[in-house]
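To start, the structure itself, in C-alpha cells.
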Amino acid sequence: MSDFLPVKAVHSGDDVVALSEAASDDVLLAPGGIKFGDGSVLDSAAGQASVKLRTEFALATAAQLVFPFTYNPDFVIVIRNGATLLPTRDYTATDGTTLTLIQACDLDDEIAILTI
C-alpha cells in the first residue's frame, strides 16, 4: 500500500504545469508555475504554492467561433483538441463570459479553458 495520494497532471501543451490530488481542485504548482496566455505566471517561487483551477469544456458545432465560458480574463488557458492556443493569434477572451476563436471549429472539436 502506497502513502502517496493519487494525482492528476494539468498540462499546457507538452508541459506539466501543475499536479492535483485526483479528488481535488487544488493544484500544487510545478517548477515554473502556470503560464497563462497573456504572459502572467502563477509560481510557487512567488509564494503561490497552490491555486484552485476551474476547467470548462465544450464540444463545438461545425463552424462555431463563440463559446459562452465563465473565466478570469487575467488568467485563462484555452485548449483546442489538446493544443494550447495563443491569445490574439488564436482567440480573444477579454470580458469573462465569451471566448471567441479566430479560426472556426470543425464538428466536435474539443474546447477547454483553465482559469482561476
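With respect to the numbered conditions (1) at positive phi; (2) assigned to a strand (DSSP E or B), which one is the sole condition not fulfilled by residue 63?
Single failed check for residue 63: (2).
What about residue 70, is it part of a loop (DSSP other than H, G, I, E, B), among the polar types (S, T, N, Q) and more than 13 Å from the chain's Cα centre (by Cα)?
No.
Would you check if residue 55 is surrounded by fewer than 18 Cβ atoms within 10 Å (Cβ to Cβ) and modelled with pLDDT of 90 or more?
Answer is no for this residue.
What is the one condition in (1) crowded, with 16+ Cβ neighbours inside 10 Å; (2) modelled with pLDDT under 95 that residue 67 does not satisfy?
(2)
Out of region 88-111, which residues are in a strand (DSSP E or B) and crowded, with 17+ Cβ neighbours inside 10 Å?
As a first pass, look at region 88-111 and keep what is in a strand (DSSP E or B): 91-92, 99-101, 110-111.
The answer is 91, 99, 101, 111.
The values are calculated or read from the model by the stated rules, or taken from the named source; none is laboratory data. Computed from a predicted structure; not experimentally measured. Positions of Cβ are backbone-derived with ideal geometry, glycine not excepted, and every protein chain shown enters the neighbour counts.
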